[in-house]
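Below: one structure, written as structure tokens.
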Amino acid sequence: MQILVSGIAQGCVYGLIALGFVLIYKATEIVNFAQGDMMMLGAFTALSFIGFLGVDYWLGFFFAILCMAVFGYLLDKIVLRYVIGQPQFAIVILTISLGFIFRALAGIFWGHEPSSFNTPFTNQIVNLGGVIIAQEALSIIIGTVLLAVLLYIFFTHTKLGVAMQASSQNQLAAYYMGIPVKVIFSLIWAISAGVSTVAGVLLSPISLIDAEMGFMGIKAFAAAVVGGFGSLPGALLGGAIIGISEQLAGAYLPAGFKQITAFVIMLAVLTIRPEGLFAQIQRKKV
Amino acid sequence: MSLFRADNLAIHFGGIKAVDGVSFEVEKGEVFTLVGPNGAGKTTIFNLISRIYDPTHGSLHFDGHEITQVPPHVIAKLGIARTFQNIELFEHASVLQNLLIGRHAHRQSHFLGELFFTKATRSMEQAHREKAEEIIELLDLAHYREQMIANLPYGVRKVVEVARALCTEPKLLLLDEPASGLNVEETEDMAFWIDDIKNDLGVTIIMVEHDMSLVSEVSDRVLALNDGRMLSMGTPSEVQSDPEVIRAYLGGDA
Amino acid sequence: MRILFKTSYNDDIRLMKHGGYLFWYALLLIAAFSAPLVLDDFYIGELALVVIFAIAGLGLMVLVGYSGQVSLGHAAFLAIGAYTNALLIQAGTPFLIAFPVAGVVTALSGALISLPANRMTGLYLAIATLAFAIIVEQILVRWESVTGGFQGVAVDAPDLFGYQLWNPWEFYLLCLVVLILVILGVLNILRSPTGRAMVAIRDSEVSAQSMGVNIAKYKTVAFSISAGITGLAGALMGHKFNYLSPDTFNIIISVQLLLMVVVGGLGSVHGAIYGAIFVGALPQFLALARDILPPAIAQTPGLEPGIFGLIMVLFILFEPLGLYGRWRKIKLYFDIFPLYRKATFKRQKAYLKTERMK
């Protein structure tokens, strides 16, 4: 049971990062390989507010999200806007490179000592019907669910959300319809950065914050792939599946399997059902 | 025996019957045209013949063989070539390179020969080039030979589409709206070329077309479709005067 | 301005399009082969590494530039080639057999990964190759009975008919010969039906299929060729470092390969070479830079990938055609002087075309 809960919690973190990817992908068809590193930056920003400046947890959390949202917005405005329309791989390389830059910058500004800060959930436990669960894990799960619901409402019931979907499918047509495409893309990046920050802050009680945190972003990919790249609920579900499988592998299989579980699952899904659980890619009509 | 036969062809996409119960035969050397309003299923039939789609029911027969299960890339080797409604040329290659890919179905060289570019490979390359030049001459593409597709006007691209299909030396050519987007002169040129292809090259043609004057000029027989089903089949004048066809195009009293 | 008068189809088919090409390339070859006479051992060693990178870069170029499929995990192929070669030699196989066999084995592994990869579009493919690289690394670490795990494998200098190439310049010449053979092979493929088929798949899968191109087969072929070439480079790397361990081929190397492709310019053999030179020279500049920069920046472990990242970002934003593209522009400027216009290479405004409808 413990395994299940930690699996779901870890899976939620993967899911949140994957959510960030999928948001950007759905809107701009850019795959943001730096998503994990954005989570890392978010966690560090929160660290600066809460740990170094001593700001209250919830306030610091909020400020961190705000800062990162602005960062995401500016990132799109200054860098990414100019590569739209270039071949897919150029953009892939671009975001990977951005990831490297973020990691180097984090190392420069915050040093390489792993750190952490105190949260209301650290070292607290909760007793649910006889099963003891760490509050940290629970906070991750609840936080993820709340965020998912918020985003769902945003995308289906607001004009902005629908406009975002339009811009992604046919940018030129969206322009003609009067949609301020550039602003919308930047907003998507802002939201995505915010979501990653939430992931980073929720994760921080469980794992220490350091510059290499972003590597789990690659596993988040696997989550997005399993769920169907382009599907928001899929990303979360994929994350949960991978998180749980990883924990099971760690418990029952020999050493080394835990690290590759995510990738084996991903390759399996790509071979058997490439569209993932909620298919998003269609065949072109000729 | 007819060169090509479709038997009770049908394809369903979910609940939509894009093509339903279509049967027709095409004789060697004739020009057979599919007409019908948009959405009638004409291009879908082409996609079925070139095996991009799998039919839900029915069968396809070509040159004495059944081709319903044949994989798409084998179709060219069997002798069926097609053009695309929305021009699917290779944008970043020159006209000549596009045509040379059309020769792929007749590739005889093997990998090691190509790796070391043996004399045999070289002479095969020259043979391919000669065939491509014959087509270039036929369709008047000589001064566009080295140009990138991305730089060419629409009318020329349509001609290159046809040229590329001809490079596969087909027995059956599927032309998908060859005259769409062409002006009057270009359409006349296209009509002459279709005649040349039929008479000089001996290629059988199935065509989808909306331009009725072109259809009457070049076609031997016409099949009118609507909503995936057959309406009327016969000579161009027979089909054009069929009241069912008129009702489908112009509407009528319910 | 040079006008080519072509008199036969062969003029289009052959590699050296006119006399000028022959002259300059001959000069280049002479310079390359006589480098050991002028440079000392350390620089010859570095040059050998550049040549090895160029071979690997060509491998990646075949995949990315020509068949349009992105691979983020090419380091895995380096590793497979290196280990296969080293282990075969350890088992007593002569170098001249072990080396090509390593290439073939790596090519087969490329074919293996391409089986699932064939169904994927560019994006998924990139991720899948990344996953593949991580899995390969784990296998190398855990399969201790064969690979020695973290203890690694020692590799001697290559042995040609009993003569061991311990001299740096001998090794350099070996690498150079391999590079030239690989370049010729790649150029031959590209001007033949296989090469055309690969390019066709990149531009329009549907119509390539209608022309008789078996998509799955040619994607696999592209992957195999790419993997095979990279495997050969990996084998040479093993000999260069005289030692192999699973972390020799890490993410940094994959990044360097990408950097080569981006900086060099996509889709050309020249690009791979320029890229290799750039990536080979970079560590020297980095070492120099480290002395100038303040300690906070200079000491940070992530500096090297960070700088690589920065360079890639700048290139993609400002010079997407890479160094080779810049060279072509310069050449064109001189060729048609004084008629060169700034807008000659300017891209039209590009709009996002969705890849979800393929």
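Annotations for the structure displayed:
- When residue B:85 is tested against the conditions (1) farther than 23 Å from residue B:219 by Cβ; (2) more than 9 Å from chain C (Cβ to nearest Cβ); (3) in contact with a Ser or Thr (Cβ under 8 Å, 6 or more places away or on another chain), the lone failure is (1).
- Candidate set from the stretch B:139-185 (those that are of a type in the set (A, V, I, L, M, F, W, C) and assigned to a strand (DSSP E or B)); member that is farthest from the chain's Cα centre (by Cα): B:148
- Residues considered: B:149, B:206, B:194. Of these, the only one that is over 17 Å from residue B:40 (Cβ atoms) and crowded, with 22+ Cβ neighbours inside 10 Å is B:194.
- Once the stretch B:210-244 is narrowed to residues that are in contact with a strand residue (DSSP E or B) (Cβ under 8 Å, 6 or more places away or on another chain) and free of Cβ contacts under 8 Å to residues at least 24 places away in the same chain, the residue that is nearest to residue B:42 (Cα to Cα) is B:232.
- Subset of the stretch A:18-57 [within 18 Å of residue A:69 (Cβ to Cβ) and part of a loop (DSSP other than H, G, I, E, B)]: A:30, A:32, A:34, A:55
- Only one of the numbered conditions (1) surrounded by 22 or more Cβ atoms within 10 Å (Cβ to Cβ); (2) assigned to a helix (DSSP H, G or I) is violated by residue B:222, and that is (2).
- Scanning the stretch A:95-104 for residues that are of a type outside the set (Val, Ile, Thr) and either under 19 Å from the mean Cα position of the chain (by Cα) or more than 7 Å from chain C (Cβ to nearest Cβ) (or both) turns up A:97, A:98, A:99, A:100, A:102, A:103.
- Taken across the stretch C:220-228, residues that are surrounded by fewer than 24 Cβ atoms within 10 Å (Cβ to Cβ) and of a type in the set (Phe, Trp, Tyr) do not occur at all.
- Take the conditions (1) out of contact with any Ser or Thr (no Cβ under 8 Å at 6 or more places or on another chain); (2) without any contact (Cβ under 8 Å) to a residue 60 or more places away in the chain; residue A:211 misses just one of them, which is (2).
- Test: residue in the stretch C:241-257 that is of a type in the set (Asp, Glu) and buried (at least 18 other Cβ atoms within 10 Å of the Cβ): no
- The residue of the stretch B:59-93 that is nearest to residue B:168 (Cα to Cα), among those that are of a type in the set (Ser, Thr, Tyr) and surrounded by fewer than 18 Cβ atoms within 10 Å (Cβ to Cβ), is B:68.
- Residues located in the stretch B:188-211, provided they are polar (S, T, N, Q) and either in contact with a Ser or Thr (Cβ under 8 Å, 6 or more places away or on another chain) or not in a helix (DSSP H, G or I) (or both): B:204
- Only one of the numbered conditions (1) in contact with a Lys or Arg (Cβ under 6 Å, 6 or more places away or on another chain); (2) in a helix (DSSP H, G or I) is not met by residue B:87, and that is (2).
- Within the stretch C:183-199, residues that are over 18 Å from residue B:91 (Cβ atoms) have Cβ atoms under 9 Å from residues that are small (Gly, Ala, Ser) and not in a helix (DSSP H, G or I) in these pairs: C:192/B:109; C:193/B:109; C:194/B:109, counting only partners at least 6 apart in sequence or on another chain.
- Residue A:9 vs. criteria at pLDDT 85 or above, out of contact with any Pro (no Cβ under 7 Å at 6 or more places or on another chain) and buried (at least 23 other Cβ atoms within 10 Å of the Cβ): no
- When restricted to residues that are over 24 Å from residue A:88 (Cβ atoms) and either aromatic (Phe, Trp, Tyr) or facing another protein chain (nearest Cβ under 7 Å) (or both), the stretch C:190-203 contains 2.
Rundown of residues vs (1) surrounded by fewer than 22 Cβ atoms within 10 Å (Cβ to Cβ); (2) not charged (D, E, K, R), yes/no style:
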residue	(1), (2)
B:14	yes, yes
B:19	no, yes
B:22	no, yes
B:30	yes, no
B:36	no, yes
B:40	no, yes
B:45	no, yes
B:52	yes, yes
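- If the condition is being at the interface with chain C (Cβ under 7 Å from one of its Cβ atoms) and over 11 Å from residue C:316 (Cα atoms), then the stretch A:68-94 contributes A:84, A:85, A:88.
- Considering only residues in the stretch C:11-33 that are aromatic (Phe, Trp, Tyr) and under 19 Å from residue C:50 (Cβ atoms), the one that is modelled with the highest pLDDT turns out to be C:33.
- Top-ranked residue in the stretch C:165-191 [being under 30 Å from residue B:84 (Cα atoms) and either among the hydrophobic types (A, V, I, L, M, F, W, C) or touching a Gly at 6+ places or on another chain (Cβ under 8 Å) (or both); ranked as surrounded by the fewest Cβ atoms within 10 Å (Cβ to Cβ)]: C:190
- Cβ separations smaller than 9 Å between residues 6+ apart or across chains give the following pairs from the stretch B:188-204 residues that are in the same structural domain as residue B:176 (by TED's automatic domain parsing) and more than 16 Å from residue B:32 (Cβ to Cβ) to residues that are of a type in the set (D, E, K, R) and exposed (fewer than 15 other Cβ atoms within 10 Å of the Cβ): B:189/B:140; B:193/B:140.
- Residue check for residue B:138: crowded, with 20+ Cβ neighbours inside 10 Å and either modelled with pLDDT under 90 or closer than 24 Å to residue B:97 by Cα (or both): no
- Among the residues of this structure, residue B:101 counts as one that is surrounded by 21 or more Cβ atoms within 10 Å (Cβ to Cβ) and of a type outside the set (S, T, N, Q).
The values are calculated or read from the model by the stated rules, or taken from the named source; none is laboratory data. Only a predicted model underlies this, so the values are computations on that prediction, with no experimental measurement involved. Cβ sites come from the backbone with ideal geometry, for glycine too, and all protein chains shown count toward neighbours.
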